[in-house]
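Every number in this text was worked out from the coordinates using simple rules, so none of it is lab data. Given the structure is predicted, the values throughout are model-derived calculations rather than measurements. Glycine gets a Cβ as well: all are built from the backbone with ideal geometry, and neighbour counts include every protein chain shown.
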Amino acid sequence: MAHDEFSLIRQWTSRSDGQEGDGLTVGLGDDAAVFSPSPEMEIVACCDAMVETVHFLKETMRPSDIGYKAVTSNVSDVAAMGGYARYALVSIAVAPHWTPEECQGIYDGIYAACDMYGVKVIGGDTVSAPDALHLSVTVLGEVEKGRPIRRSHARAGQAVFVTGHVGSSAAGLHVLLQDRQEQQSVTEWSGRWAKLIAAHQRPVAQVKAGRLLLESGVCGALNDVSDGLASELWEIAEASSVSICVDAALIPIEEEARACALQFGKDPVEWAFYGGEDYQLVGTIEASEVDAVRERFAAAGILFSVIGAVEAEQTAAPKLSLRTGESRTALPKAGYNHFKRRE
């Protein structure tokens, strides 16, 4: 893609002009951004990368979806600490087969997500790549001093919960991949499975839920569902040195996802535990506070489901198990693994 780098950067990031104020002293356009955190707040920082053919395909994600999702995944990490996002830095490495118009679409998605979450783009970098597009977003957020919710504070007797529905993104991806095999165009990816496709292409970070949990003061551990429910629960179990048991019958799965699984011969529970990219929040709270927290979530219009319990504490061998009816099985430590060898 032989174009003037600086003119393209100005074009793609023009919406960041004149954003100074509200703690931002120097924004995009200088050597670095300068900002001040709000009083009584700590800075929360996170970074996620998206790589073509690893995290997305042109056939399953529009350019704007790619940009939107890159921001959302980071905002979700901040939400899992009980915080909220404020600023973003965007670095993109553009492969030759990507046009300036497609890259503009990526930035349109970035700004759409930033508008949704109240985030300002304050810097980044643009370079070329030999064969695949790489997009890396760093988000800087805030949380009250001394109050971030961590993975490591689950305790025996606490209830395990999840917000929203899980498995929908994996179901949507499955539909998109089926369409790809049948060589359907992106304009045909709608209809019966539109809700599932939207869950994959345009997930929503649970910022309000994270803030409600922090304000409640009764949340033990918290994580966001990026790599699958099993992976996130394992991270909590290991960080907290506890054992967790969840009930398959209590996992909140959309009816559309169940219908999709039935049509394609898949297991919706498998999608929920190992699909990932739902960006819901999973964690633990004091069992005595479940009803009060559920009421607060209901008032905010957010689904809150208790799916299990923390059973053992200070164990040298944390465990994660799944109860299905009268049987109980160990859940393997799995989720999306970027470094797993592929044949």
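Results, tabulated for the structure shown:
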{"quantity": "Distance from region 81-114 to region 56-71 (C-alpha centre basis), Å", "calculated": "10"}
{"quantity": "Helical mean residue ellipticity (222 nm; -39500 (n - 2.57) per DSSP H run of 4+; nearest 500) of the chain", "calculated": "-10000 deg cm²/dmol"}
{"quantity": "Rough spin-label spacing in nm, given labels placed 7 Å along Cα→Cβ, for SER327 and GLU40", "calculated": "5.3"}
{"quantity": "Rounded to the nearest 20 debye, dipole of the chain from Cβ charges on Lys, Arg, Asp, Glu", "calculated": "680"}
{"quantity": "Packing-based order for 312-325, 225-238, using average beta carbon neighbours within 10 Å, highest first", "calculated": "225-238, 312-325"}
{"quantity": "Where GluC sites (Glu not before Pro) fall in DSSP loop in region 24-66, at most 12 other Cβ within 10 Å", "calculated": "GLU40"}
{"quantity": "Lysine pairs with alpha-carbon atoms under 27 Å apart, the chain, spacing 8 or more or separate chains", "calculated": "21"}
{"quantity": "Qualifying trypsin sites (Lys or Arg not before Pro) for region 86-147 [loop in DSSP, other Cβ within 10 Å: at most 14]", "calculated": "LYS145"}
{"quantity": "Using a Förster distance of 41 Å, the FRET efficiency for ASP22-ALA259 (Cβ separation, nearest 0.05)", "calculated": "0.35"}
{"quantity": "Antiparallel DSSP beta bridges within region 5-144, as percent of all bridges there, nearest 5", "calculated": "70"}
{"quantity": "Computed over the chain: relative contact order in percent, which uses C-alpha pairs under 8 Å that are six or more apart", "calculated": "21"}
{"quantity": "Rg/Rg_globular for region 151-330, with Rg_globular taken as 2.2 N^0.38 Å and Rg from C-alpha atoms", "calculated": "1.06"}
{"quantity": "Net length gained if the chain between THR99 and LEU303 were fully extended (0.36 nm per residue, minus Cα distance)", "calculated": "69.4 nm"}
{"quantity": "Estimated FRET transfer efficiency when R0 is 25 angstrom, pair VAL51-ASP31 (beta carbons, to 0.05)", "calculated": "0.35"}
